[in-house]
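For reference, the structure discussed in these notes is given below.
Derivation of every value follows stated rules applied to the coordinates shown; laboratory data play no part. Keep in mind that this is a model prediction, so the values were computed, not measured. Positions of Cβ are generated from backbone atoms using ideal geometry, with glycine treated the same way; all protein chains shown enter the neighbour counts.
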Amino acid sequence: MIQRIIDNVPLIIEHELNKKFSTRIRNKLIHTIFKDSHSGRVNLEELLNEDPIIALRRTDLEDRISRLSKIKTKLDQFWGDRNFDLEGNSASELLALPVEPVTATKKKKK
């Protein structure tokens, strides 16, 4: 038990030092950015703008999600209460069917 406490003391000290360091560096970076933006050396709006390529990709993905959601809604409406396959099995019956393992077969040359 004592060995475990002794092993953890350096880790706890390092953790506390890292927390203080990260807080100080974050505050210094934010202060420097705002100071430089007020003096005109850094355009804060430019730093906050989204990359045009990423914005285009995001818009494309949002459109795809919208289209897929509409398709899913239409499929749900089409199928309604029809929870069965083409052979007339209900969804619960399909889940109870045994599944045969798929094995690779080699074709013999003629």
Show me the GluC sites (Glu not before Pro) within the range 17-55 that DSSP assigns to loop and that have at most 16 other Cβ atoms within 10 Å of their Cβ. GLU50
Given axes a ≥ b ≥ c from the Cα gyration tensor, I'd like to know whether the range 4-69 is rounded (a/c under 1.5), prolate (a/b larger than b/c) or oblate. oblate
